[in-house]
Amino acid sequence: MTSGRHILLVEDESAIADLICTALESSDLRVTACAGVQSALDAMERGAVDLAILDLSLPDGPPDRLVARLRAAGVPLIAISGDPARLAAFAPGPTLEKPFRVRALMDLVRATLAGAAG
């Protein structure tokens, strides 16, 4: 039985995406993984999203359009990046600097989903 919560993961590094997907799915969350901005925008057209986890450095350009779309839809967003300056520019909002511990991400996911439900 899944919680029905749908996570949009936007991460172009397959090893990181696989690790995050495994952790999320083992917590009964449904995950749609995308490697870039356009595929994530397309995924949003196909169904509601409860939370987005977004790498701020993507091969098809900066995620500004995607961030704007997520915020307009009221979707909570966790930004991840190996670039501290990009993360600082993203504030306010939950962020994690790569490399991060999966447990730290899962704690942030749980807290963000709980905050969004309230």
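What follows is calculated from the coordinates using simple rules that are stated; it is not laboratory data. Source: prediction; values computed, not measured. Heads up, the Cβs are rebuilt from the backbone with ideal geometry, glycines too, and the neighbour counts pull from every protein chain shown.
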*Residues in segment 27-37: is at least one small (Gly, Ala, Ser) and free of Cβ contacts under 8 Å to residues at least 12 places away in the same chain?*
no
*Does Ala40 meet the test of being under 19 Å from Gly74 (Cβ atoms), among the aliphatic types (A, V, I, L, M) and free of Cβ contacts under 8 Å to residues at least 40 places away in the same chain?*
yes
*Of the residues that make up segment 28-44, is at least one within 19 Å of Val102 (Cα to Cα), over 13 Å from the mean Cα position of the chain (by Cα), surrounded by fewer than 16 Cβ atoms within 10 Å (Cβ to Cβ) and among the acidic types (Asp, Glu)?*
yes
*Only residues in segment 44-60 that are of a type outside the set (A, V, I, L, M, F, W, C) count as the first member; pair them with residues that are in a loop (DSSP other than H, G, I, E, B), Cβ under 6 angstrom, at least 6 apart or cross-chain, and list the lot.*
Asp50/Arg5; Asp55/Glu11; Pro59/Asp12; Pro59/Gly36; Asp60/Gly36
*Can you work out which of the residues in segment 15-27 that are of a type in the set (Gly, Ala, Ser) and within 20 Å of Glu97 (Cβ to Cβ) is surrounded by the fewest Cβ atoms within 10 Å (Cβ to Cβ)?*
Ala15
*Scan segment 63-118 for residues that are under 20 Å from Ala40 (Cβ atoms), more than 13 Å from the chain's Cα centre (by Cα) and in contact (Cβ under 8 Å) with a residue 24 or more places away in the chain and jot them down.*
Arg65, Arg69, Ala73, Gly82, Asp83, Arg86, Leu87, Phe90, Lys98, Ala116
*Total residues in segment 83-104, condition closer than 24 Å to Ser27 by Cβ and either in contact with a His (Cβ under 9 Å, 6 or more places away or on another chain) or in a loop (DSSP other than H, G, I, E, B) (or both)*: 6
_Residue in segment 36-63 that is farthest from Ile16 (Cα to Cα), counting only those that are assigned to a loop (DSSP other than H, G, I, E, B) and hydrophobic (A, V, I, L, M, F, W, C)_ = Ala48
*Out of segment 45-78, which residues are under 21 Å from Gly115 (Cβ atoms), charged (D, E, K, R) and surrounded by fewer than 18 Cβ atoms within 10 Å (Cβ to Cβ)?*
Arg69, Arg71
